[in-house]
Structures are given as structure tokens and as C-alpha cells.
1. Relative to the compact-globule scaling 2.2 N^0.38 Å, provide the ratio for the alpha-carbon radius of gyration of the stretch 2-91.
2. Among 11, 86, what is the fewest-to-most ranking by other Cβ atoms within 10 Å?
């Protein structure tokens, strides 16, 4: 069965993008924290090290999430403009019958109306 995607919800995709970017922000924060630790900046102690830990592990994910939200919204807007010009995005899906699914908790995508 073929479906034609003509528009995607900007807010939904922006939130998903923000979530993924926030996860990348955590990873980036941990990497920067480790690099700072081995560089010797955090080994001296004091209030500067606490600020660095908070900055890396809290500020980075928040900053990345904001960037991800804005980027996701902008790219979804551009996608919607492109599919409007091109006539849509055709995708092919298989109908899903839950009764015939031999795998419990199968990996089939479900279409929600």
C-alpha cells in the first residue's frame, strides 16, 4: 500500500529533534567534562570545578535542545515547502494485522488515524 505524505507537523518534529539534540548535548557535555578533567582544570577543585560540571552537564543539553528545536522546525518547514512543490512524498507501507503477528511486540509500524 502506498501513502502520500503531503505535510508534516512542525511542532512534533521540532520536539523530537530537540530530544535527540539534548541527548547529543549530554554526550558532548560528558566529553568536554572528561577533557577538562584530564587537562587538569577540574583537578584543582574549588568553585570553578562545580561551575564547569554544571555548565557541561546542564547547559550543554539545554543549549543543544534549543538548537535542535529550532533546526527541526526550520527543516520541517522546508520539507513542507518542498513536498508542496513536488507533489508529496510517496512511501510504501505494509498493512498491519495484529492478529496475524507471530512476534509478540513485533517491529511492525502501526498507522494511527
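Taken together, the values in this text are just the output of simple stated rules run on the coordinates, not laboratory data. Being a predicted model, the structure only gives us computed values, none of them experimental. Every residue, glycine as well, gets a Cβ built from its backbone with ideal geometry; the counts of neighbours run over all protein chains shown.
1. Values: Rg = 19.1 Å, N = 90, 2.2 N^0.38 = 12.2 Å.
Relative to the rule-of-thumb radius for its length, the stretch 2-91 sits at 1.57.
2. Details: 11 11, 86 8.
Arranged by neighbour count, lowest to highest, 11, 86 become 86, 11.
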